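So that we are looking at the same thing, I have put the structure below in structure tokens.
The values are calculated or read from the model by the stated rules, or taken from the named source; none is laboratory data. Keep in mind that what you see is a predicted model, and the values were worked out from it rather than measured. Ideal geometry is used to build each Cβ from the backbone, glycine not excepted, and the neighbour counts take in all protein chains shown.
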């Protein structure tokens, strides 16, 4: 199960971009939804509605939904996405853990993001946490000892750990001067970490293209503002001094040699050839995974 909710730990609009990237690309179906009227304070975070001439439309209210999604290799996983509730965090966490048990989820992966004094000219940093040491050791570029404000993601991870469930979290580091807007780089990084931990093939092509465009735009603005360029240089020096220089990748085991693009392509082709009886996802013969199965929960099977 992958968890990404929009709250105070959502710098760079991570949750929205991650949901768009997954649900807009991969086959999926909704399997559960929370009663938002019980969970949200509408007056503190007023939803948006469109007014055109003399009518209202396109009401964008809060949501918190659980989807079954299938990755590019047709592997199922669950995605909990939406808005962080204002109320009843403990009841939400209890419900999520019941769903984890009911659907036989083997691993919970939470991804979120914080605005930190890091430069956009360096790779997106991460703080890894959780109880699966094989999925977090050597991953963090910065791992402080600090008391922080809690969010639903942190409560879910804490309660899952207390319940003896396998759970990890990856907190992405977004440059603080870019935290209020859409920063595609953070969504790419989050999908890479979540995909590696769950052994899923998740789509990042569109996000990478958007990231290149944002990168070019930022570079132009920095070049035109010497004071910003000076700030970035200071952040670069601080990053290079304090960040980890021996960060481990989940995609490469110890003593492994990183394959090149041709080797990766050949491996994917060989995998597809080894499944002659399978129907190619998205073909006319493939079952429509967006159907609700007459309102029933998805078949109970081991998933992430």
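Tell me, which residue of segment 4-26 that is in contact with a helix residue (DSSP H, G or I) (Cβ under 6 Å, 6 or more places away or on another chain) and assigned to a strand (DSSP E or B) is nearest to residue 196 (Cα to Cα)?
The extreme case among them is 4.
Out of all the residues in segment 181-213, which are without any contact (Cβ under 8 Å) to a residue 40 or more places away in the chain, touching a helix residue (DSSP H, G or I) at 6+ places or on another chain (Cβ under 9 Å) and either surrounded by fewer than 18 Cβ atoms within 10 Å (Cβ to Cβ) or in a loop (DSSP other than H, G, I, E, B) (or both)?
Across segment 181-213, the qualifying residues are 208, 209, 212, 213.
When you scan segment 4-27, do you find a residue that is crowded, with 18+ Cβ neighbours inside 10 Å, within 18 Å of residue 105 (Cβ to Cβ) and without any contact (Cβ under 8 Å) to a residue 60 or more places away in the chain, even just one?
Within segment 4-27 (the criterion being crowded, with 18+ Cβ neighbours inside 10 Å, within 18 Å of residue 105 (Cβ to Cβ) and without any contact (Cβ under 8 Å) to a residue 60 or more places away in the chain), the answer is no, since none of the residues qualifies.
On to the next question. Of the residues 150, 146, which is free of Cβ contacts under 8 Å to residues at least 24 places away in the same chain, assigned to a loop (DSSP other than H, G, I, E, B) and touching a helix residue (DSSP H, G or I) at 6+ places or on another chain (Cβ under 9 Å)?
After ruling out the rest, the residue left standing is 150.
Here's something else I'd like to know. Given the conditions (1) crowded, with 21+ Cβ neighbours inside 10 Å; (2) modelled with pLDDT under 95; (3) more than 19 Å from residue 14 (Cβ to Cβ), which single one is not true for residue 146?
With respect to (1) crowded, with 21+ Cβ neighbours inside 10 Å; (2) modelled with pLDDT under 95; (3) more than 19 Å from residue 14 (Cβ to Cβ), residue 146 is out only on (1).
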